[in-house]
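Worksheet: one structure, shown below.
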């Protein structure tokens, strides 16, 4: 009896806006995992080859890049809750529309709008998270990002479970999308109504400068590394380390698993070591791990190094996002929108840049270039707070 009372007291002591923020990050990852599970079905149903599928998938990223710079101004005038309230209800319907679509142009249009709405979620969700983190007595930002990763894993398993027992995509996606709508309906009213609002904001977008621009460039480089591991990690194992093609997925699996685990304890680590040290030594570890991936020949040792790479870089992005509140040159919502946009640009352009460099030189050389970028970020860590 006492134990159940203790649990209830603990749960009731958690501010509702903290729980709502955690739900938002979890659902965002869950929804993106549903979309990832749908991609092979879209390819088959539309009869697309790899090149045309790539063009269709690019619509998601382009939609996000179009809307992200504008979201800061909307959040500054209306609050993060205004966008989150609408966007999380719109995304499931857009994804379900893709399930029904049998026309390539219609699918591309739906995915472009999906990218726009998800881009709005990304910016407003992070603005709300930074505001909740700022008002809290303890660090929360890394834990929020961990729940996005956890939501991705749970979403992938949820879709795979229904599809593997013979339930078609129409019903599998429909069930989980409906559950997402219901969960968000119970959570949305707990969001802070004033998160991200700023007085006297007349511009929808302000070009970042100084500290904010440097944060954006750091996010650009970090997201570039993430995109490279996602798109090129498996290719690197197969072509450079002679791994069996069936084992190609272990590179990104190890990296993403490590990021999730480290972010679950990241808030305590940041509170203990400080943001500056976490960025400095995390990026140095990342640079060493990428260099080791190039120099060491054994496949499974390289997979371990990809895991260690994820451990090192896990908390750098959350720290950079939270640091937008540590300046007064521009409203936090506008700053975070600019930083997020630059980061997303790195995620989209990074794999293409890696491919170009790999063609001119080698994939190993491209990874060493990424290691050099991480060293630059490490030496730039003095812009972050010590504690």
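The values are calculated or read from the model by the stated rules, or taken from the named source; none is laboratory data. Since we're looking at a predicted model, the values are computed, not measured. Glycine also receives a Cβ, built like all others from the backbone with ideal geometry; neighbour counts cover every protein chain displayed.
Looking at (1) at pLDDT below 90; (2) touching a helix residue (DSSP H, G or I) at 6+ places or on another chain (Cβ under 7 Å), which is the only condition residue 90 fails?
Only one criterion is unmet by residue 90, namely (1).
Going by what's in this entry, would residue 135 be described as under 28 Å from residue 326 (Cβ atoms), assigned by TED's automatic domain parsing to the domain that holds residue 44 and buried (at least 18 other Cβ atoms within 10 Å of the Cβ)?
Details: under 28 Å from residue 326 (Cβ atoms): yes; assigned by TED's automatic domain parsing to the domain that holds residue 44: yes; buried (at least 18 other Cβ atoms within 10 Å of the Cβ): no.
No: the conditions fail for residue 135.
In the list 65, 48, 53, 70, which residue meets the criterion of being more than 17 Å from residue 157 (Cβ to Cβ), outside any helix (DSSP H, G or I), in the same structural domain as residue 99 (by TED's automatic domain parsing) and in contact with a helix residue (DSSP H, G or I) (Cβ under 8 Å, 6 or more places away or on another chain)? Before you say what the answer is, go through the steps one by one.
Details: 65 fails: outside any helix (DSSP H, G or I); 53 fails: outside any helix (DSSP H, G or I); 70 fails: outside any helix (DSSP H, G or I).
48 is the lone residue from the list that is more than 17 Å from residue 157 (Cβ to Cβ), outside any helix (DSSP H, G or I), in the same structural domain as residue 99 (by TED's automatic domain parsing) and in contact with a helix residue (DSSP H, G or I) (Cβ under 8 Å, 6 or more places away or on another chain).
With the requirement that a residue be within 14 Å of residue 38 (Cα to Cα) and in a loop (DSSP other than H, G, I, E, B), what does region 159-184 give you?
167, 168
Consider residue 84 carefully, then state whether it is touching a helix residue (DSSP H, G or I) at 6+ places or on another chain (Cβ under 9 Å), at pLDDT 95 or above and crowded, with 20+ Cβ neighbours inside 10 Å.
Numbers: touching a helix residue (DSSP H, G or I) at 6+ places or on another chain (Cβ under 9 Å): yes; at pLDDT 95 or above: yes; crowded, with 20+ Cβ neighbours inside 10 Å: yes.
Yes, satisfied.
One line per residue, one yes/no per condition, for (1) surrounded by fewer than 19 Cβ atoms within 10 Å (Cβ to Cβ); (2) touching a residue at least 12 places away in the same chain (Cβ under 8 Å); (3) within 22 Å of the chain's Cα centre (by Cα):
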{"site": "319", "(1), (2), (3)": "no, yes, yes"}
{"site": "327", "(1), (2), (3)": "yes, yes, no"}
{"site": "339", "(1), (2), (3)": "no, yes, yes"}
{"site": "349", "(1), (2), (3)": "yes, yes, yes"}
{"site": "353", "(1), (2), (3)": "yes, yes, yes"}
{"site": "356", "(1), (2), (3)": "yes, no, no"}
{"site": "377", "(1), (2), (3)": "no, yes, yes"}
{"site": "383", "(1), (2), (3)": "yes, yes, no"}
{"site": "386", "(1), (2), (3)": "yes, yes, no"}
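Just one of 251, 156 is in contact with a helix residue (DSSP H, G or I) (Cβ under 9 Å, 6 or more places away or on another chain), part of a helix (DSSP H, G or I) and surrounded by 20 or more Cβ atoms within 10 Å (Cβ to Cβ); which is it?
Working: 156 fails: surrounded by 20 or more Cβ atoms within 10 Å (Cβ to Cβ).
Selected residue: 251, the only one of 251, 156 that is in contact with a helix residue (DSSP H, G or I) (Cβ under 9 Å, 6 or more places away or on another chain), part of a helix (DSSP H, G or I) and surrounded by 20 or more Cβ atoms within 10 Å (Cβ to Cβ).
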